[in-house]
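Structure first, then comments.
The numbers here are math on the coordinates, done by the rules we state, and not lab data. None of these values were measured; they are calculated from a predicted model. FYI the Cβ positions are ideal-geometry reconstructions off the backbone, even for glycines, and counts take in every protein chain you see.
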Amino acid sequence: MGDINILSNDLINKIAAGEVIERPASIVKELIENSIDAGASEIIVEVENGGISFIRVSDNGKGIKEDDIEKAFMRHATSKIKNEYDLFKITSLGFRGEALASIASVSKVELITKTSHSDFGIKAQLENGNIILKEYCGSTNGTTITVRDIFYNVPARLKFLKSPSREQAYITEIIENLALSHPQISFKYISNKKTVFITTGDGNLKNVIYIIYGKSVFENLIEINSSKETITLKGFIGNSKLEKNNRNYQSIFVNGRLIKNKTVTAAVENAYKSMISINKFPLFVLNLFINPELIDVNVHPTKAEIKFSDEQKIFKEVYSIIKDSLLKKEFIPSYNIDDNTVDTKTEFSLNDNYINSLEEKNSIFKENIDNNYNVYSSNKFSKEDIYKNISFNLNTIDIEKEVLQENIEQNNTISNSNIKPEIITDNNYEQSIIINPSFLLLTVVGQLHFTYIIAEAIEGFYLIDQHAAHERVLFEKYLDEYNSGNLNKQILLSPIILEFSPSDKEKIFNNMPLLNKLGFDFEDFGGNSISLRTVPNNLKIKNYKLLLEEILLNINNEIQSNTIEKIIYTMACKDAVKAGDKLNHQEILNLIKELSKCKNPFTCPHGRPTMIKFDYIDLEKKFKRIM
């Protein structure tokens, strides 16, 4: 007997279902796309337990004829195409004829449907891909499909699903994108018997964006409506105020189909070059219309990937449209003092943040030097004495040597053990990065370009990155407080109302215990809003929405120590002093003092060095004092 087996139809269907149905969100996507293809103007989606136990999609489309019900659940049965030539001019979302067959093979399905020409509806129940009940029933025009117990007969697949909250988040993102791609359809999304959002179906995409992303996004949109030789591009892009930390706010549709395509994404992001910050991403909702014969959507069973016949031309045309639209708008970001000003009672005051030109910055810097620095360079002192007596003072210029020396001894020195630093020399830059030294005797000289602190020792001087240093200090402080359960909360005088997308709001409430432990207490404020009641006690920043969005990026269902660390250093990064912030002498001393207490004072949480050492001998060589 041979080794090759002919698989049963049941097993074949389950294998095929694995390509199409990855998770509950896949079922929701396929059912909604069927409703859209059926000409529905209203679609209601209901899910429970993240779609694992219950999914229902109802529409008012044309329905399924009685004679077609059995065929609808057969593999490769479809009304969208008839022959191979149709593959090259596909205008519908579905066409492979696999969705219903795959869904029915791995779950329990109930179908209720009625066409406008029938006086009654038809109800059918399926298990394991087979119809076990078919009867007449009362029904409105359209189709309702209920799916229960996904993967009940494929337990190996079931165990690979995420938690219900994570699966629900996937479903929410799918429905949001389908609503954005078809603003002419009214979507009603209900999760665990609670309405998440409803779109009006009035055909206005901007109104759907308002419902999904909120007022702050709605008010900062740039409309796109332009045609080139090959494509027509419609939709909205965000201005510089809407720069994001990831690509979760980017939606691309081709002829109404949600797709992922690197060519279109790269074209849009390249158009934004020099207009938004480095490592930030633009927000956009774009629908690209193109002749169906110029694309291939039959690339993957999920139909999420497509191929263009001329990728380079698509890139150029998308880039040109987006670039022209951006240049027509005033792209000057505004500065909101309320969101960025820090209470002056905090340890580090932030100011001089809007130095907009190098000329202004140099002028202020020169004035600072003239007023605040006193360098003793008399022949009465040795070279070592001169180095020791360089100082920085805000109140007076003429300081007696004895007073200055006393100040240095009492305030300006930091010393630890006598462990010698381990140095790695970079010959290209002729400087050394401190890898693992103990703090040496440091004398504060001042601040360079309001970004770097200059401190010197006998053998050389150090440039300390004030942002990286403060970030390290805050990171270790917040992490210790979190681990000990002593991260104090500050009750806000009046709650702050923050608006999120439905998917982000779900993630916030799904991770409420963690956010509470981090210092955030909040309540549901209805719609897409939450009411923020408390924040971490020492948090100086005011843009809590941006901080929470960044925290959500680092949250997994299975909370691990490295995830917590990422969240903590996100908070530390947002709260630390920035490049360009002017620090007074005492603030500099406090920063270095706190840095010296850190377990790892020599790199920030992102791994960048907090300080770089320069040897005096290198300066002597540069000025040809020694050979």
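Entry note, the range 470-575: relative contact order of 33 percent, from Cα contacts under 8 Å with a spacing of 6+ residues. Evaluating 6.51 cos²θ - 1.76 cosθ + 1.60 at θ = phi - 60° for every residue in the range 238-254, the Karplus couplings come out as x, 7, 5, 6, 9, 5, 10, 8, 7, 9, 5, 9, 10, 10, 10, 10, 10 Hz, glycine and proline recorded as x.
Taking Cα centre as origin and charging only the Cβ of basic (Lys, Arg, +1) and acidic (Asp, Glu, -1) residues, the dipole magnitude of the range 94-179 rounds to 240 debye. Going from the residue with the fewest nearby Cβ atoms within 10 Å to the one with the most, F187, F520 rank F520, F187. Couplings for the range 116-122, taken from phi via the Karplus curve 6.51 cos²θ - 1.76 cosθ + 1.60 with θ = phi - 60°, read 5, 8, 9, 8, 8, x, 10 Hz in order; Gly and Pro are left as x. Exposure proxy ranking for L126, L619, based on other Cβ atoms within 10 angstrom of each Cβ and starting from the fewest, stands as L619, L126. Close amide H partners of F281, meaning residues 5 or more places away or on another chain with modelled amide H under 5 Å apart, are K244, N245, N246.
Rounded to 0.05, the FRET efficiency of the S118 and H606 pair, given R0 = 60 Å and the Cβ-Cβ distance, is 0.40. Each part gets one Cα centre, and for the range 205-239 versus the range 96-147 those centres are 37 Å apart. For Q184, the amide hydrogen comes within under 5 Å of the amide hydrogens of G203, counting only partners 5 or more places away or on other chains and with H modelled in the peptide plane. Remark on G446: its backbone amide H falls under 5 Å from those of I454, a criterion applied only to residues 5 or more positions apart or on other chains, H modelled at 1.01 Å from N. Neighbours of F236 by Cβ distance under 10 Å: Lys/Arg scored +1, Asp/Glu scored -1, total +1. Around the Cα centre of the range 470-575, unit charges on the Cβ atoms of Lys, Arg, Asp and Glu (plus for the first two, minus for the last two) sum to a dipole of about 260 debye. Residues I617, I568, I555, I276, ranked from the fewest to the most other C-beta atoms within 10 Å, line up as I617, I555, I276, I568.
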